[in-house]
Amino acid sequence: MELTKFINDNIIGRHHQFDGPFGRKHVIYCDFTASGKALHFIEHFIINQVLPTYGNTHTSTGINSVQTTFYRDEAREILRNSFGATKDDAVIFVGSGCTGAIHKLVDGLGLSKNDRPVVFVGASEHHSNLLPWREIASRVVRIKDDENGLLDMNELENALKIARRERRTLIGCFSAASNITGTLFQDMKITALLHKYGAYSFWDYATAAPYVKIAMNPTSSEYPNGEAHKDAIYFSMHKFVGGPQTPGLLIVKKSVIERNPVPGGSGGGTVLFVDRNSHLYLSDVETREEGGTPAIVESIRAGLVIKLKDTVKDEWIMKHENKLTRLAFTEWQDIPELILLGSKTAPRVAIFSFLIRHLGTGIFLHHNFVCALLNDIYGIQARGGCACAGPFAQDLLGIDDSLSQRYTEILAADDDNVTLEILKPGFSRLNLPYFAPDEEIDFIIKAVRTIAKHGWEMLPYYKMNPETGGWHHHSTQLDSMIQGRLDNIEFNSQELSIIPPNNYSINYEECLRKGEDIFQKARNNESLNEIESIILTDRQNDLIDTVRRNELRWFLLPSEAKQILFQNDPNGVFTEINAPFHPREYSKNKEPSEYQLQHYSTIPNQITDFNSGELSVVVPEVDLKTKANKTKEPESDIVDVNTTFQNKELPTMVHEQGIEFNVETAQMRVEEGTSQSATCKTR
């Protein structure tokens with residue numbers, strides 16, 4: 001698909017280079033599940049169309065404020081139409097991502113101390129969709145997943161039946177997709193069941209939103225009467241490609257958010273009138289709940305990002321996600337060292353969390369060590385840890401409540417101001433971007449395969465920090481990874497020098513070959529002197545010895561890998577070590593399913609049209625008034641100015657219908673009879 005190539009080519013920082021312990025590497029970004037990357041053509045639009053006429057949306061008379069308000073209102077409408085929101089739904093921009101949106105929702109419920117709800121959550125909830133509810137609920141009921149990795153509907157219904165007898169507010173809060181496994185959950189079926197028992201249906205779309213159709217009010221032959229209409233959806237826009245510097249979003253039934261007549265953040269912009277003793281809040285909930293000067297440019301950018309996703313089309317994205325998932329499962333299925341977490345039969349997007357087991361000892365490689373190898377040898381950016389979804393991570397790793405308590409105790413211990421975070425269980429996670437070229441996907445899959453097979457051989461060359469859980473090559477100082485500092489910037493009257501972004505080509509085969517060479521040298525003991533020269537302080541040795549002897553240790557140590565390498569027998573030095581946990585296995589009784597979310601709404605053509613190789617910009621309707629003769633109107637009051645971004649180059653001037661438009665400055669020069677000022681009409 002040409003449009004996805006256009007997206008990939010326009011990623012800011014694509015193939016940026018850095019110097020690591022094994023030479024210069026190109027960045028391959030596989031951490032979109034955590035945060036997306038900015039796009040040149042979206043930022044060009046912001047710089048050349050939005051910022052030149054930027055003004056505060058609380059000002060209502062000047063050209064700048066009117067234009068900026070128009071852009072932001074139109075962005076909200078793009079979101080509303082894309083998500084199928086109706087007049088009964090509020091679309092609210094929230095400053096601090098999905099977490100802020102959830103807190104906004106909690107506040108909007110207006111629950112009193114005597115009305116503490118029963119809250120139902122799924123097994124896979126992110127901490128942001130769990131902790132706020134724990135703080136306000138009388139109890140939180142966690143519904144487990146079934147043998148196929150989907151929510152256990154029978155368990156949910158039984159829990160709802162029991163809770164309904166308590167005559168409390170019932171709230172269901174579920175993730176549309178797991179941020180660990182990418183598993184997609186049955187949102188319509190769950191929502192209909194919640195409504196059957198009078199419960200609210202709230203959905204965390206933070207992981208799913210960049211890939212699936214977001215339908216606030218879906219209908220189908222199974223649910224023709226609105227049974228599956230959601231009460232709230234929330235997610236972070238920054239996880240989309242093009243999404244950095246965007247706000248969180250809350251789409252919520254007005255009847256829900258209006259339960260509390262006081263806005264979540266009262267202040268400027270939330271009131272109709274304030275006198276010396278009282279105040280009157282605005283009735284419009286979208287305005288009332290966005291107190292203070294909002295994230296204006298960020299909101300406009302959010303509209304562009306959703307417009308782009310709608311142009312690619314959800315159906316195509318989901319088909320490609322399914323293709324990538326199947327490809328990865330096929331390529332990795334014959335690697336006994338690689339343990340993929342989660343169900344392989346449930347519908348999912350191409351997000352993969354995994355452990356790597358050392359077959360000779362039976363224990364694992366530390367997740368942060370694996371991520372360090374991916375970075376240092378291949379330039380692949382991945383994430384290590386529990387992905388802020390601790391309870392589900394423990395389910396997947398096979399950690400029961402008793403073992404979890406033991407980890408809690410040792411991590412909470414503060415002997416001599418030391419916390420051994422290295423012992424905290426976790427996994428490595430990456431995703432395969434749907435817009436990445438085939439050769440890059442192949443490169444990522446092969447890199448993971450090689451590290452799964454041979455990653456342990458590099459352990460002796462790496463240092464671990466028992467207190468932080470970090471790993472780095474013995475030759476690397478952490479400061480050396482910092483490529484830029486704000487302190488180095490100097491402002492003067494002449495200029496601010498800016499280094500242009502790197503956009504180098506990458507030879508994937510050469511990078512894979514160099515990776516093989518690195519492991520081969522380690523396997524052949526060609527760098528024994530280098531290993532012997534690694535010096536640790538007494539404190540470091542003491543901490544490592546404490547970790548080594550701890551029965552909760554689950555990962556291979558550099559000293560153990562070194563001994564195995566020196567003996568030249570990967571399986572002959574140590575007897576199998578009993579790992580404290582063993583990852584859960586799901587049902588294997590069926591093949592991965594073809595899966596697509598249903599689509600319910602058409603997408604309007606607003607703000608911009610994204611086409612492969614160009615970005616067409618449509619300027620809103622404009623009234624051009626002549627100062628000399630205010631009664632004289634131009635023949636047409638609609639001016640279309642189309643600019644094209646091709647090969648990342650911007651045209652400086654555009655001529656259209658007798659109007660000269662400077663793309664760089666966003667200034668118009670109109671021929672005789674018209675003024676240089678322009679007033680934007682709101683539609």
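Read-outs throughout are calculated quantities, based only on the coordinates presented, and are distinct from any laboratory measurement. This is a predicted model, so every value here is computed, not measured. Here Cβ is always computed from backbone atoms with ideal geometry, including for glycine, and neighbour counts include all displayed protein chains.
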_Kirkwood Rh and Cα Rg combined as Rg/Rh, the stretch 42-311_ = 0.99
*Sort His366, His320 so the one with the fewest other Cβ atoms within 10 Å of its own Cβ comes first.*
His320, His366
_For the stretch 242-306: relative contact order, % (alpha-carbon pairs under 8 angstrom, 6 or more apart)_ = 41 percent
*From the phi of every residue in the stretch 310-322, what ³J(HN,Hα) in whole Hz does the Karplus formula 6.51 cos²θ - 1.76 cosθ + 1.60 yield, where θ is phi - 60° and glycine or proline is x?*
5, 6, 4, 5, 4, 4, 5, 4, 5, 4, 6, 4, 5
_Relative contact order (%) - criterion: Cα under 8 Å, at least six apart; region: the stretch 149-257_ = 21 percent
_Using amide H atoms built in the peptide plane, which far-off residues or other-chain residues are under 5 Å from Gly291 H to H?_
Gly265
*Treat each spin label as a single point 7 Å out from the Cα along the C-beta direction, and report the Asn550 to Asn524 distance in nm.*
3.8 nm
*Listing Thr361, Thr419 from the residue with the fewest other Cβ atoms within 10 Å to the one with the most, what is the order?*
Thr419, Thr361
_Suppose the chain between Arg167 and Glu467 were pulled fully straight at 0.36 nm per residue; how much longer would it get relative to their current alpha carbon spacing?_
103.2 nm
*Pop the C-beta distance of Leu280 and Lys254 into the FRET formula with R0 = 22 Å and round what comes out to the nearest 0.05.*
0.75
*Can you list residues whose amide H is under 5 Å from Ile380's amide H, if they're 5+ apart or on another chain and H is modeled 1.01 Å from N?*
Ile28, Asn375
_Burial ranking of peptide ranges 25-35, 4-14 (average Cβ count within 10 Å, highest at the top)_ = 25-35, 4-14
*Spin-label proximity, Arg406 to the stretch 367-389 - amide N less than 18 Å from point 7 Å beyond Cα toward beta carbon*: none
*At 0.36 nm per residue, minus the direct Cα-Cα distance, what do Gln567 and Thr476 gain on full extension? Give it in nm, one decimal, please.*
30.0 nm
*Rounded to whole Hz and in sequence order, give me ³J(HN,Hα) for the stretch 117-131 from the Karplus expression 6.51 cos²θ - 1.76 cosθ + 1.60, θ = phi - 60°, writing x for Gly and Pro.*
x, 9, 10, 9, 10, x, 5, 9, 5, 5, 3, 5, 9, 10, 4
*In the neighborhood of Ser404, defined by Cβ-to-Cβ distances under 13 Å, what is the net charge if each Lys or Arg adds +1 and each Asp or Glu adds -1?*
-2
_3J(HN,Hα) from dihedral phi, the stretch 67-79, Karplus parametrisation 6.51/-1.76/1.60, rounded to Hz, x for glycine, proline_ = 5, 5, 4, 4, 4, 5, 5, 5, 4, 4, 5, 4, 5
*Order these peptides, 156-167, 46-57, 208-219, by their mean beta-carbon neighbour count within 10 angstrom, highest first.*
208-219, 46-57, 156-167
*Ranking of His58, His44 by count of other Cβ atoms within 10 Å, fewest first*: His58, His44
*asked:* Testing the spin-label approximation: label points 7 Å from Cα along Cα→Cβ at Thr86 and Thr59. State their distance in nm.
replied: 4.0 nm
*Quick one: which residues, 5 or more positions from Gly362 or on another chain, have an amide H under 5 Å from its amide H? H modelled 1.01 Å from N in the peptide plane, none for Pro or chain starts.*
Ile577
